[in-house]
Structure formats: C-alpha cells, structure tokens
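Working notes for the structure below.
The values are calculated or read from the model by the stated rules, or taken from the named source; none is laboratory data. Everything numeric here is computed off the predicted structure, so don't read it as measured data. Cβ: placed from backbone, ideal geometry, glycine included. Neighbour counts: every protein chain shown. Keep in mind that these areas ignore ligands, DNA and RNA; they rest on the heavy atoms of the full protein, side chains included. Shrake-Rupley method; radii C 1.70, N 1.55, O 1.52, S 1.80 Å.
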Amino acid sequence: MPEHSSLVTSSTFAGLGLPEILLHALTAHKFTVPTPIQADSIPPLLAGKDLLGIAQTGSGKTAAFVLPILHHLLATPRRPGPFQTRALILAPTRELALQIDEAARTLAAGSRMRTVVIIGGASRYKQCENMRRGADIVIGTPGRVRDLMNTRELSIATAERFVLDEADRMLDLGFIRDIRAIVAALPTRRQSCLFSATMPAEVAQLAAGLLNDPVRVEIAREEGKEPKIEQSVRFVPTSGKQALLTELLKDPAFERVIVFTRTKHGANKVAEKLEGAGIQVDAIHGNKSQPQRERALRDFRTGRARVLVATDIAARGIDVTGVSHVINFDLPAEPESYVHRIGRTARAGAEGVAIAFCDATERSTLRQIERLLGDKIPVVGEIPADFQGRPDAPKPAWKRGGGGNTGGQNRRSPRPQGQRGMRSAA
Ligand code: AMP
C-alpha cells in the first residue's frame, strides 16, 4: 500500500484542485486552510484513488471525504434513477449521520445536490418517499440502510462512491455483518474510502476486503491534546446517591453534566428527581423516540438543559463539546463502558471531571474498572473499612501524592490505558 506523502502542504483549497463552486462554499463558511487530513486526502481522492484514512473526529475528516464526492458528482452530472444513489456514506450512529449530512449540505450549498439520510429511529416511510426520486448521496447507519436495500427501496448497485466512516466504532457496535452485506451489493467499479480512529486487526482486514490499492493517510493525534480527565470515586450507599448528586449539582462549576445510569427506568427516576429539585434536565435512553433524542441533545448542546441523564446505548455517538462533568450514578456493567462514558468529557483538548458513585454492590465492578485502567481511581470521602483492607484496594487519596490534602478531586488522575482507542468505541 503506498504511503501518501504527508508533504502535501498546499495551504489553500484551490491548490488542492477543488472547483470554484466548492471554493465559494468553503470561503462562505470560513474554511480557508485545509486541515492536514484534508490536504493529504483530497488530492488522491480527486485522482480517483481508494483511501484508508486514520484520523479522529475533530480532524476535519468529514470534509476530506465529502468534498471529493461533491466534486465528482458536479463534474459528471447525472440524475439517479428512482431508489438509486450515486454515493453512499455509512456512519456508526444516527447523530454522526446527521452531522455528515449537515456538512454535505453546507459544502454543496449553491448546487442542486440531493442528500437523503437513512437512519433508524426516524420515519422509515419518509425515507422511502425521499428515495423515490433517487439521491445523489445517501448517508446512513448500517441497519436501516440494509433494511431499505432488502425491500428494494434503496439500490446501491450504481453507487460510484462509498465511504465507511469510523470503521472501528462500527465494529464495536456489532455492525460487521450489515457492512459485509452492504459492501457485497456495491458495484465493483467504484471509489471507496474507509476512515477509522484506530487500526486494530479487524479494521485492517475489513479495509483489505473493501479497498483497491488504497493510499494510506494517517494523522497522528497531537501530543498534549490527549483528553485530560480528572477522575474520582465516592463510596455512597444506593439510597444516598440521589442526594449526593443533587448536592454536587449545587456547584455552578458543574456546568454541562452527563449523568450515566444503568437502566432506562433509573435514568427516568434520576431525571424526575432532578427536575423536582429545579434543575434543567433531559433524559435520553432506548425508549425515547429519535425526535425526542435529537431534541434532548440539541437542548443539551445549546445549554437549555444543564444535565443530560443517559444510558450507555443512548450515549453512543454523543459528541458534545464543553461537557464539564461526567457522573457515573451507577457503575457500568462492562468495565470498558466506563472508559467510553468518561470520554464524553474533555473533548477537543478541553479538561473534564469524571466522578463515579460506588455502592456496596458495585465494588467488584470498581475493581474491574481499575484493573482495566491499570491504576486506582482516587477516592473522595470515606473509604469503607471492608474495601480498604483488600489487597487490591485503591490507596486512599492522601497516599497518592501529587499535592493538596482534600482528596482526589483536585488531583490530576492517571490517564486510562488504552485511551487512544477510547473514542473509537464511544
Ligand atoms: P470533523 O472532524 O469532520 O468532524 O470536523 C471537525 C470540525 O472542524 C467541524 O466542526 C468542521 O466544521 C470543522 N472544519 C473542518 N474542516 C475545516 C477547515 N478546513 N477549516 C476550519 N474548520 C474546519
């Protein structure tokens, strides 16, 4: 696989070979300088090459694959037939699919590009109606895309461009079978690209089957831009969790907070109690409809809701910057989920705080999490005697060093091991 030269440092979009209409849209949106992933990916994509991109959210990867697709569609105008699409972009979550659609519409402003979003949780009927006229670009999640393909309300047999975005997350979410089925229905003559934040063996294998002699572009995560998450744990009886949460939220420093519960019922209960305490709160979980989820996320993004209570599944794909605190009201059943949960804070180079509540039934889960992290989470407050005595018990905060004498909250906690991969599975 040829390594694409990272010396491509064209400092303008025009220099990358993009047409006037796209340059206008870029200027209108104040995108003046291409990001490194854009500078490295756009020229080979415009030249018709397949591409393997290793880059994270925030790198500008969306425009890196959307701009060449728009260029191609504009350069070879052709009306797609009913239910057909000329390009297919797959994303792991509904929220990400909507974000890509928004980016595509923004960049295609001024042209007559037709995008159709095909995601679960939204009206299937409307999506089929939209497909009746055909689409230039379909942006979707694997399950619903496959569903519409099965009923012949979406045909990708003539798709000229294919993008698999956040491939590592796709695999984490168990979409591999859907992806294989979708790829099998694509025409052999096409341009494909795959983007992933990490490159575990399964993703490499998927890429090998999907891409034809691809150019590889890798954007290293910038040093010093690792998430800085200050973690702590509080031992609290189940019956005391709600009161502790309400107490913590009296502090205005808890500006934008995600509270994780294990169950949908738990999420509703916590949200109701907070609402009763006069806190602006919303809940998202599997029982909420897609419009309800979108509204909750919008309110949380804009600050109309200060607290979002969520279950793990519902939280996948939440990419809200400025989350000041993540509170694990319940510890997750799977230790890996802890890492995903706390990764909701400290995004885009910001710092964040993660607080875990641990009751008597959750102590073994806490140990598993600490084993996964390869370190103890600093404790704030009392450590129960029966926990303290265990050989693998976390050291009390005052023994951990690092200055201060009030417990772990003021201390920089260890960065979880494997955090590079953390966002990939979030
Ligand atoms: P992405 O990694 O695609 O999710 O993009 C991250 C953010 O960067 C988005 O908010 C984009 O609107 C923004 N962005 C992408 N490319 C550029 C650019 N060349 N100049 C300025 N902002 C950009």
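Brief remarks follow.
- Single match in Ala207, Ala201 (criterion: small (Gly, Ala, Ser) and either under 26 Å from Gly60 (Cβ atoms) or not assigned by TED's automatic domain parsing to the domain that holds Leu73 (or both)): Ala207
Matching residues to (1) touching a residue at least 60 places away in the same chain (Cβ under 8 Å); (2) within 16 Å of the ligand (Cβ to nearest atom); (3) assigned by TED's automatic domain parsing to the domain that holds Arg189; (4) open to solvent by 30 Å² or more (accessible area, probe 1.4 Å):
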position: Leu73; (1), (2), (3), (4): yes, no, yes, no
position: Arg79; (1), (2), (3), (4): no, no, yes, yes
position: Pro82; (1), (2), (3), (4): no, no, yes, yes
position: Arg86; (1), (2), (3), (4): yes, no, yes, no
position: Leu90; (1), (2), (3), (4): yes, yes, yes, no
position: Glu95; (1), (2), (3), (4): yes, yes, yes, no
position: Gln99; (1), (2), (3), (4): yes, yes, yes, yes
position: Arg105; (1), (2), (3), (4): no, yes, yes, yes
position: Ala109; (1), (2), (3), (4): yes, yes, yes, yes
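- Residues located in segment 8-52, provided they are among the aliphatic types (A, V, I, L, M), over 29 Å from Leu210 (Cα atoms), within 14 Å of the ligand (Cβ to nearest atom) and touching a residue at least 12 places away in the same chain (Cβ under 8 Å): Ala25, Leu26, Ala28, Val33
Let's see how each residue does on (1) at pLDDT 95 or above; (2) basic (Lys, Arg); (3) more than 20 Å from Leu211 (Cβ to Cβ):
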site: Ile89; (1), (2), (3): yes, no, no
site: Val116; (1), (2), (3): yes, no, yes
site: Gly120; (1), (2), (3): no, no, yes
site: Gln127; (1), (2), (3): yes, no, yes
site: Met149; (1), (2), (3): yes, no, yes
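- Test: residue in segment 4-20 that is modelled with pLDDT of 95 or more, among the polar types (S, T, N, Q) and assigned to a loop (DSSP other than H, G, I, E, B): no
- Selection from segment 130-153 of residues that are part of a helix (DSSP H, G or I) and closer than 11 Å to Ile119 by Cβ: Pro142, Gly143, Arg144, Val145, Asp147, Leu148
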